[in-house]
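Taking it in order: structure first as structure tokens, then the write-up.
The values are calculated or read from the model by the stated rules, or taken from the named source; none is laboratory data. Being a predicted model, the structure only gives us computed values, none of them experimental. Backbone-built Cβ (ideal geometry, glycine too); neighbour counts: all protein chains shown. The accessibility values were calculated without ligands, DNA or RNA, using every heavy atom of the protein model including side chains. Shrake-Rupley method; radii C 1.70, N 1.55, O 1.52, S 1.80 Å.
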Amino acid sequence: MSYGRLVLNLISLQLFLYVFFVNFPVSESARIRHHKWEVNYEYKSPDCFKKLVLTINGKSPGPTIFAQQGDTIVVELKNNLGTENVAVHWHGIRQIGTPWFDGTEGVTQCPIQPGDTFIYKFVVDRAGTYLYHAHYGMQRESGLYGSIRVALPDGESEPFAYDYDKSIILNDWYHRSPYEQAALLSSIPFQWVGEPQSLLIQGKGKFDCSVLDASSLNSDACNVSNPECSPYSLTVVPGKTYRLRISSLTALAALSFQIEGHNMTIVEADGHYVEPIVVQNLFIYSGESYSVLVKANQNPSRNYWAFSSIVSRQSNTSQGLAIFNYYPNHPKRSPPTTPPAGPQWNDVESRLTQSQSIKALKSHIITPPEKSDRVLVLLNTQNEVNGYRRWAINNVSFNLPQTPYLVSLKENLKHTFDQTSPPDVYDFANYDIYVKQNNSNATSSNGIYRLEFNSTVDIILQNANTMNVNNSETHPWHLHGHDFWVLGYGQGKFDMHKDPKKYNLVNPIMKNTVAVQPFGWTALRIIANNPGVWLFHCHIESHFYMGMGLVFEEGIDKVKELPSSIMGCGATKTSRYRP
């Protein structure tokens, strides 16, 4: 029996075991790892410009969670924001048996109110590189995010060798608060939030303070000598090999990441091993995580630039710069060179080629089912809804309900959200994806897709022209509660009859986040085998805020009794649902 078939046959047993371990004491080999966090607003200058930043225990990025496969993570999170709710999503953790701790406000829980403490408790069931971040409004881009690093069980080893292990989060950074941005996005006429002011590497960047009107600023409002915005420095020992776990949590930008003079070998994507691929630059989209191997094999007498650049948008945002520091050189010593230019922003072909080249590692292939039971063809469009600019899927713009779906479905509260499901397909025979459409007839809804438990579902994501002429955007889509097989990518309109014949059913990579290129399509396959309610959405903050998302329900009757801690909003305000 092949490795993939064995894994699929064991899925039901795996689900049972995780539910068992969540509800009963864990084995002696697994650990319970406790974290006590306090979320605050603090004034910080990550790119030299002083603004309010969301911190965890005073830090942004927050503390890295280190764990081993099978461990239970317990996070006691206190909301000290005073006037603002919060929720934290554990990005890439499937929450098998604990769908209520996915951390998605409006979907799996009520938000954590000011002054309240909420306890998340879940099992990390697979080794790999993951993330956590705020999932309330657009809070993520205020700095509430961090890394999760899960090691293999004792006695097991990675299928590649390295000497040291480092985590790096790439980000973009706005000076406007999420609330100012929300006001712009919700205005009539529509006002776009614009490009980010800077790019951060592990929470550090550098904004050009000289472009600001100094007469209107406080003396410390933007200070390039502030040590908070000194470049991030990654110290390496000559001759050693480094595993860099590179993740992106940008609010808007797709990125290219490079290390001057060094090749990188991609070995992991979203927690799954891949066939090694040597690249000079890594294209990475919001919500994605990769492990790359880098050997410190260049001239050790100097330092080198590590840098991020915006791609897929014609942006005036400067590169994010860090220092790849060869020991014993001083970690703040600038390289003697000018940072190299990044790739062309509109080179779609190179980005698509890299995505298509990533395949599952031969010894770790999980073979997908040969056929699907249902096909969803989802058209991403910009629309006008009652005069407001929105994003829509098959002409339906998504809104979150006041009562979390998980509670509504488990408690049969049908009045809390629209019971009509969105369309499975769009009019692909007649819709021209290359033309600016009128798109003034879209509707808003909080209806959901109901998936038959254990069924196999294909999802085709199709990009089209926006409401600007000759413009289509890149959308990174993230699925909660699941990994999916990436069966194929393409340019132009997806052909329902021809393109499925080209699917990779031999060694497709599994991921939880995937990009759809401008005027292109991406085909995914999932098995609806994780009881719960799971969000599927564009990971660009403003796009999701404007309606670019949807929700899947599967096996709700198999979900155990819900904890009262996730309730307290919407229809759950009544005494029946309070702790």
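Check each of the trypsin sites (Lys or Arg not before Pro) in region 476-565 and keep only those in coil by DSSP with at most 16 other C-beta atoms within 10 angstrom; list them in order.
K498, K560
With the cut-off at 1.5 for a/c, could you classify region 423-579 from its C-alpha gyration tensor as rounded, prolate or oblate?
On the way: a/c = 2.36, a/b = 1.47, b/c = 1.61.
Oblate is the answer for region 423-579, as a/c is 1.5 or above yet b/c matches or exceeds a/b.
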| message | Using the crude model of +1 on Lys and Arg Cβ and -1 on Asp and Glu Cβ, and no other charge, please compute the dipole size for region 130-186 relative to its Cα centre, in debye to 20. | response | 340 debye
| message | Testing the spin-label approximation: label points 7 Å from Cα along Cα→Cβ at H175 and I32. State their distance in nm. | response | 4.8 nm
| request: Please work out whether region 181-250 counts as rounded, prolate or oblate from its C-alpha gyration tensor, where a ≥ b ≥ c are the square roots of the eigenvalues and a/c under 1.5 means rounded, while otherwise a/b larger than b/c means prolate and anything else oblate? | output: oblate
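Count the lysine pairs in region 27-79 whose Cα atoms lie under 18 Å apart, taking only pairs 8 or more positions apart in sequence or on different chains. Don't jump to the answer; show the numbers that get you there.
Values: K36/K59; K36/K78; K44/K59; K50/K59; K51/K59; K59/K78.
Qualifying lysine pairs in region 27-79: 6.
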| request: Write down the radius of gyration of region 51-182 and its Dmax, each obtained from C-alpha positions, in Å. | output: 15.8, 51
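With a/c under 1.5 counting as rounded, go ahead and sort region 348-421 into rounded, prolate or oblate using the C-alpha gyration tensor (a ≥ b ≥ c being the square roots of the eigenvalues; past the cut-off, prolate if a/b is larger than b/c, else oblate).
Here region 348-421 falls in the oblate category.
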| task | Quick one: compute the contact order of the chain, relative version, from alpha carbon pairs under 8 angstrom and 6+ residues apart, as a percent. | result | 14 percent
| remark: Once the dipole of region 307-413 is set up from charges on Cβ (+1 Lys and Arg, -1 Asp and Glu), the residue from the list L406, I365, H330 lying farthest towards its positive end is H330
| Which of the listed residues, N281, Q95, Q356, is farthest toward the dipole's positive end in the chain, when Lys, Arg count +1 and Asp, Glu count -1 at the beta-carbon? | N281
| request: Keeping every protein chain in place, order F536, F66, F453 by accessible area at 1.4 Å, biggest value first, i.e. largest first. | output: F66, F453, F536
| How big is the charge dipole of the chain about its Cα centre, in debye rounded to the nearest 20, if each Lys and Arg gets +1 on its Cβ and each Asp and Glu gets -1 on its Cβ? | 580 debye
| So how strong a dipole does region 192-280 carry about its Cα centre when Lys and Arg Cβ are +1 and Asp and Glu Cβ are -1, to the nearest 20 debye? | 340 debye
| Where does the chain land at 222 nm, in deg cm²/dmol rounded to the nearest 500, when only DSSP H runs of n ≥ 4 count, each adding -39500 (n - 2.57), divided by all residues? | -2500 deg cm²/dmol
| field | Accessible solvent surface per residue of the chain, calculated while the other protein chains remain in place, 1.4 angstrom probe, Å² | value | 40 Å²
| request: Would you give the gap between the C-alpha center of region 475-498 and the C-alpha center of region 387-454, rounded to a whole Å? | output: 18 Å
| Hey, what's the per residue convex hull volume over the C-alpha atoms of region 499-555, in cubic angstrom? | 119 Å³
| remark: With the dipole of the chain defined by +1 on each Lys or Arg Cβ and -1 on each Asp or Glu Cβ, the option from I310, V237, N171 whose Cα lies farthest towards the positive pole is V237
| field | Heavy-atom accessible surface of the chain: percent carbon and sulfur, 1.4 Å | value | 50 percent
| task | Summarise the long-distance tail of P(r) for the chain by giving the % of C-alpha pairs beyond 32 Å. | result | 44 percent
